[in-house]
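This report concerns only the one structure given below.
Nothing in this text is a laboratory measurement; each read-out follows from the coordinates by a stated rule. Computed from a predicted structure; not experimentally measured.
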Amino acid sequence: MATYRVRPSKQQAVFTAVGAVVTGTVGTVMMISQGKVTWFLAVWLLFVVGIAGMSLWSAFARNGHLQTIEVEEGDKPPARFGQVMERRD
């Protein structure tokens, strides 16, 4: 059985991280401007950091990956658009 590490492409990871930061910034500004600084703002920011961090780590870290799949020898791994497959031996 061949084992492959699946990670997002670098372009997809940067796009996801930028989208998370923009969404987090807009949401934070809206909550603060309405005077609604509550526990939800902390959870909101925690999710922003988690989404951006996980996306960037999985694409750029040496051992970063989100999924490991095993396929029979000779079969091609089922890659999706925007994914990078690396064979582990």
Next on the checklist: Tell me the angle of helix 10-33 to the major Cα principal axis of the chain, expressed in degrees between 0 and 90 and rounded to the nearest ten.
Outcome noted: 20
Checklist entry - If contacts are Cα pairs under 8 angstrom and at least 6 residues apart, what is the relative contact order of segment 1-76 in percent? => result 58
Item to check | Label selected from (1) 6.7; (2) 13.3; (3) 9.5, the criterion being mean projected area of the Cα convex hull in nm² as computed here | outcome: (1)
